[in-house]
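Participant: A single structure is presented below for examination.
The values are calculated or read from the model by the stated rules, or taken from the named source; none is laboratory data. Here the structure is a predicted model, which is why all the values come from computation and not from measurement. Cβ placement follows ideal geometry from the backbone for every residue including glycine, while neighbour counts extend to all protein chains displayed.
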Amino acid sequence: MPRFEQPPNQLNILLMGSDQRLNDGGFRTDALLLVTINFDLNTVNLTSFPRDLYVYLPGRTMDRINTAQFKGGFNLTAKTFEHNFGVRPDHYALIKFDGFMNLINTLGGINVQVAHQLTDQRDGYGNYTVNPGLVHMDGETALWYARARYTTSDFDRIKRHQEVLQAIFFRLLNFDLIKKIPELFEQFQYTIQTDMSLEDLLELIPVSSIFAEGDRINHYVIGRQHVTSWLTYSGAQVLLPNREAIQAIMKDALNIP
């Protein structure tokens, strides 16, 4: 896909959730969410990408998008997004399971606006249910909610990723974020991998006003209508991107007329 000419004063940050566990050498980024901040429009656009998108990893081969970070770090991931979606993320943040739970617990939990009832298997609970509405979640519950996969599809799951992320943003606002950014940066610099410095984060403080007004947050998802299911020659189930459909949604997400 040709690289889009984006509006000025716009920043793209790729957030990734890794499934890597302790003493596990390999990992996949099963959560991929592009945050597009436009400082002139005062908007934040959240765009989610399914983990099974079958895309070209530049200089390598065709593969699932969730393998790019492990195979070549952020350089390969950024090239993959530029080649397949027309946008090269400016920055990234990668968090593992334990760091995700630790962050939410440090914030005292989050209040997630649950769109649809979810009943799914949860370790230690059997079938566990959350109902629609505002639900307070600790780190373990939020991780289960974001990852639950037995009764819903990956397309449902990536929508839940956005619900959880927005809840984290709102909680940070109520956590006296501006004063505590240096403290949080110090605390989580070893559990959240990022190329952003403390100065980079401080420059995002004006964005907090956008999250205080939820109507300035726009949600986009690469969904069923943007892909075609396909079986690779090795027998793997993947999703082939529909170029025209994805190009249209990317233009909206990147604020391109």
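Participant: Of all residues being more than 18 Å from residue 94 (Cβ to Cβ) and touching a Ser or Thr at 6+ places or on another chain (Cβ under 9 Å) in the range 37-49, which is modelled with the lowest pLDDT? Just the residue, please.
Facilitator: The extreme case among them is 42.
Participant: Also: Looking at (1) within 30 Å of residue 63 (Cβ to Cβ); (2) out of contact with any Asp or Glu (no Cβ under 6 Å at 6 or more places or on another chain); (3) not acidic (Asp, Glu), which is the one condition that is false for residue 173?
Facilitator: Every condition holds for residue 173 apart from (1).
Participant: Conditions: (1) at pLDDT below 95; (2) among the aromatic types (Phe, Trp, Tyr); (3) crowded, with 21+ Cβ neighbours inside 10 Å. Residue 97 meets all but one. Number of the miss?
Facilitator: Every listed condition holds for residue 97 apart from (3).
Participant: Same structure, new question: Determine which single condition residue 31 fails, assuming it passes every other condition in (1) part of a loop (DSSP other than H, G, I, E, B); (2) in contact with a strand residue (DSSP E or B) (Cβ under 7 Å, 6 or more places away or on another chain); (3) not charged (D, E, K, R).
Facilitator: Residue 31 satisfies every listed condition except (1).
Participant: Sticking with this structure for a sec: Of the residues 199, 213, which is of a type in the set (Asp, Glu) and at pLDDT 80 or above?
Facilitator: 199
Participant: Same structure again: Is it the case that some residue within the range 71-83 is surrounded by fewer than 18 Cβ atoms within 10 Å (Cβ to Cβ) and part of a loop (DSSP other than H, G, I, E, B)?
Facilitator: no
Participant: While we're on this one: What is the number of the single condition among (1) within 21 Å of residue 162 (Cβ to Cβ); (2) outside any strand (DSSP E or B) that residue 45 does not meet?
Facilitator: (2)
Participant: Considering (1) more than 17 Å from residue 106 (Cβ to Cβ); (2) surrounded by 16 or more Cβ atoms within 10 Å (Cβ to Cβ); (3) in contact with a helix residue (DSSP H, G or I) (Cβ under 6 Å, 6 or more places away or on another chain), say which one residue 242 fails and leave the rest.
Facilitator: Against the list (1) more than 17 Å from residue 106 (Cβ to Cβ); (2) surrounded by 16 or more Cβ atoms within 10 Å (Cβ to Cβ); (3) in contact with a helix residue (DSSP H, G or I) (Cβ under 6 Å, 6 or more places away or on another chain), residue 242 comes up short only on (2).
Participant: May I pose another question? Looking at the range 118-130, can you tell me whether even one residue there is closer than 28 Å to residue 250 by Cα and either modelled with pLDDT under 95 or basic (Lys, Arg) (or both)?
Facilitator: no
Participant: Looking at residue 93 and the list (1) among the small types (Gly, Ala, Ser); (2) assigned to a strand (DSSP E or B); (3) more than 30 Å from residue 8 (Cα to Cα), which single condition is not satisfied?
Facilitator: (3)
Participant: Just to be sure I understand, how many residues within the range 222-235 are on the phi < 0 side of the Ramachandran plot and free of Cβ contacts under 8 Å to residues at least 12 places away in the same chain?
Facilitator: Residues in the range 222-235 being on the phi < 0 side of the Ramachandran plot and free of Cβ contacts under 8 Å to residues at least 12 places away in the same chain: 4 in total.
Participant: Also, I was wondering about something else. May I ask you to list pairs of residues, at least six apart or on different chains, whose Cβ atoms are under 9 Å apart, with the first in the range 181-199 being within 18 Å of residue 105 (Cα to Cα) and touching a residue at least 12 places away in the same chain (Cβ under 8 Å) and the second being surrounded by 14 or more Cβ atoms within 10 Å (Cβ to Cβ) and charged (D, E, K, R)?
Facilitator: 191/96; 191/98; 192/96
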